[in-house]
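The values are calculated or read from the model by the stated rules, or taken from the named source; none is laboratory data. From a predicted model like this one, the values you see are computed outputs, not experimental measurements. Please note: Cβ atoms are built from the backbone with ideal geometry, for glycine as well, and neighbour counts cover all protein chains shown.
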């Protein structure tokens with residue numbers, strides 16, 4: 001017993017180092033699975049507050065760019081609005097019906113990162129604004145990510161520029177779907193994998209969200225095909241997608257709450273049983 | 001033991017704020033960020049207990065982690081740097097460290113660069129290995145370590161030199 005105590009006292013620095021290092025390592029490993037530590041993230045009041053203070057300064061420098069983005073979106077929406085005079089066919093009627101099932105909240109981005117391999121954004125809406133985990137986040141140009149952690153006033157968003165992110169997406173022209181991932185290299189390119197090699201795709205085709213997940217509505221823009229190649233297995237395509245969004249400059253985002261999500265998930269889980 | 005004095009806590013908070021508000025957003029060439037908060041670990045008083053240094057480094061790393069949503073990565077790297085510090089000091093200052101008479105304010109600049117350089121590369125290598133967490137991306141890890149490291153070394157030396165000359 002004496003010897004054990006002596007050993008601990010003699011090596012106390014090393015043992016403490018080992019303890020602290022393994023704690024951090026355990027947290028790191030845990031963070032590489034989808035549901036992460038609930039305690040240490042920038043949705044906390046401290047981090048959110050600090051970012052909020054400095055964001056109000058930073059915002060002024062980006063006003064011009066953000067205005068341009070909003071004007072472009074307005075232009076697009078006006079285009080759609082004026083072209084709505086056409087007789088509405090039944091398929092688009094169906095669309096309008098389904099759009100009513102989503103509730104949109106706007107939020108400001110307090111922190112954005114894109115230089116790491118696992119990027120998160122911090123936004124200024126949280127539980128008080130009934131934001132919950134797994135809501136979708138989009139910008140005027142395309143998708144941003146999925147809500148990961150929420151506190152009372154802030155939330156973190158798992159960016160599509162995160163090696164843990166997996167989002168259902170499809171080729172707009174042919175409806176062949178795959179899974180959108182990121183290899184951690186360029187913030188302008190993401191990868192769409194597992195697309196059937198029978199899909200007649202070509203460079204420049206538009207990629208948008210598929211309707212398979214209950215998180216995003218179908219048809220939100222993601223990007224265009226930059227290049228593609230067949231997978232090593234030879235059965236699927238790996239597609240490089242050039243994002244519509246400039247992920248390095250995001251000011252205002254929309255949070256999408258699919259009001260039918262619970263129903264869809266219940267239905268799907270009952271099918272699994 | 002002169003544990004956590006006023007000047008130290010001020011330095012702690014200042015470096016943390018500059019790190020998360022300014023340095024994390026530089027993104028030079030898309031991915032190069034300096035991590036200057038390790039200056040705190042470099043400049044921690046040499047005579048103070050190593051246990052205290054380890055604990056404070058862990059806290060500092062965790063706070064940086066909290067702000068950048070990278071759970072545990074910075075903490076692990078900071079704790080490693082804090083643990084390896086005596087070795088680094090011995091390698092770069094030699095006899096001066098043996099006699100416990102290293103003063104960062106008036107050392108010879110060569111030793112200082114060796115000390116900060118080795119420490120930064122060690123810290124950044126651990127940091128990016130854990131962040132990328134994929135051994136097949138070793139080239140990406142090395143690239144990030146090298147470029148961010150150079151950036152950090154330059155800024156750290158500047159900070160150390162500028163702020164210590166004032167006090168003389």
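Numbers below:
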| read-out | value |
| --- | --- |
| Residues located in region B:58-73, provided they are at the interface with another protein chain (Cβ under 8 Å from one of its Cβ atoms), touching a residue at least 12 places away in the same chain (Cβ under 8 Å) and either assigned to a helix (DSSP H, G or I) or under 14 Å from the mean Cα position of the chain (by Cα) (or both) | B:58, B:61, B:62, B:67, B:68, B:73 |
| Given (1) within 13 Å of the chain's Cα centre (by Cα); (2) surrounded by fewer than 22 Cβ atoms within 10 Å (Cβ to Cβ); (3) closer than 23 Å to residue B:75 by Cβ, index of the condition residue B:119 fails | (2) |
| Which numbered condition residue B:137 fails, given (1) within 9 Å of chain A (Cβ to nearest Cβ); (2) in contact (Cβ under 8 Å) with a residue 12 or more places away in the chain | (2) |
| Condition met for residue B:12 (more than 14 Å from chain A (Cβ to nearest Cβ), closer than 21 Å to residue A:51 by Cα and part of a helix (DSSP H, G or I)) | yes |
| Test for residue A:147: is it part of a strand (DSSP E or B) and over 27 Å from residue B:29 (Cβ atoms) | yes |
| Index of the failed condition, residue B:87 passing every other in (1) within 18 Å of residue A:184 (Cβ to Cβ); (2) within 13 Å of another protein chain (Cβ to nearest Cβ) | (1) |
| Residue that is nearest to the other protein chains (Cβ to nearest Cβ) [pool: residues in region B:26-47 that are under 17 Å from the mean Cα position of the chain (by Cα) and in a loop (DSSP other than H, G, I, E, B)] | B:33 |
| 1 or more residues touching a strand residue (DSSP E or B) at 6+ places or on another chain (Cβ under 9 Å) and without any contact (Cβ under 8 Å) to a residue 60 or more places away in the chain: qualifying strands (runs of 3 or more DSSP E) within region A:221-265 | A:221-230, A:236-243 |
| Filter result (modelled with pLDDT of 85 or more, more than 15 Å from residue A:143 (Cβ to Cβ) and crowded, with 16+ Cβ neighbours inside 10 Å) within region A:227-256 | A:228, A:236, A:237, A:238, A:239, A:240 |
| Candidate set from region A:175-219 (those that are assigned to a loop (DSSP other than H, G, I, E, B) and under 17 Å from residue A:235 (Cβ atoms)); member that is nearest to the other protein chains (Cβ to nearest Cβ) | A:197 |
| Check on residue A:168, surrounded by fewer than 20 Cβ atoms within 10 Å (Cβ to Cβ), more than 14 Å from chain B (Cβ to nearest Cβ), in contact with a helix residue (DSSP H, G or I) (Cβ under 6 Å, 6 or more places away or on another chain) and farther than 21 Å from residue B:20 by Cα | no |
